[in-house]
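Before any comments, here is the structure.
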Amino acid sequence: MSWEEELFAVLDDLEAQAAGMYDAERTLELADRARAEYREVTLAARLQASVGREVVLHVRGPGVVSGRLDRVAHGWLVLTGAAQDWVVRTAALAAVDGTSDRAVPEVAWPAVARLGVGSALRRLADAGERCVLHRLDGGRHDGTLRRVGADFVEVLEGDPPRVGLVALEGLAAASSR
């Protein structure tokens, strides 16, 4: 082998080593970027990607509930179960099992996802069906929703009937009978 061929072989070897080091560094950089980007993913975005799936919710107050995730919106979700349907405030969630590995960014959510939990409770009040309001502290109110205010809901319960007010801040979920 001539000295020129040896020189080019050494240069080719150095170039291959440099490319290998660049690839290793790039792999670490991409992994770091992926971790940094993932910190922007919200629970609601993961839940939105899970609409239509069977999930198990661990909810402060009522405990474990399961069913098909039907809707996700700002601060709440709808779960259809075998025995009852649930409107659950996401602030009451402790854990969720069975979600998709994907996430849906908020800009891709349907327009109805911008509605607050009051909207879902108003539909229950309009239907006039009995339901159970589950509070974060484990308390319950069994009755019929009457009206929904800015930060509370009126529930007609008991015999003789009386009106109780439940603060939305303390509400974990509402379940149908």
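Read-outs throughout are calculated quantities, based only on the coordinates presented, and are distinct from any laboratory measurement. Source: prediction; values computed, not measured. When we count neighbours, we look across all protein chains shown, and the Cβ atoms used for this are built from the backbone with ideal geometry, even at glycine.
Restricting attention to strands (runs of 3 or more DSSP E) lying wholly within the range 91-177, give those where 3 or more residues are in contact (Cβ under 8 Å) with a residue 60 or more places away in the chain and not charged (D, E, K, R).
171-176
Whether any residue in the range 85-99 is under 12 Å from Ala173 (Cβ atoms), within 12 Å of the chain's Cα centre (by Cα) and of a type in the set (Val, Ile, Thr) is what I want to check.
yes
Could you look through the range 54-76, keep only residues that are not charged (D, E, K, R) and not in a strand (DSSP E or B), and pick out the one that is nearest to Ala108 (Cα to Cα)?
His74
Can you find, within the range 52-86, the residue that is surrounded by the most Cβ atoms within 10 Å (Cβ to Cβ) among those that are among the β-branched types (Val, Ile, Thr) and under 16 Å from Gly138 (Cα atoms)? Lay out the reasoning, then the answer.
Quick first cut of the range 52-86, residues among the β-branched types (Val, Ile, Thr) only: 55-56, 59, 64-65, 72, 78, 80.
Next, from what is left, pick out any that are under 16 Å from Gly138 (Cα atoms): 59, 64-65.
Numbers: Val59: 22, Val64: 11, Val65: 19.
Only one residue tops the list, namely Val59.
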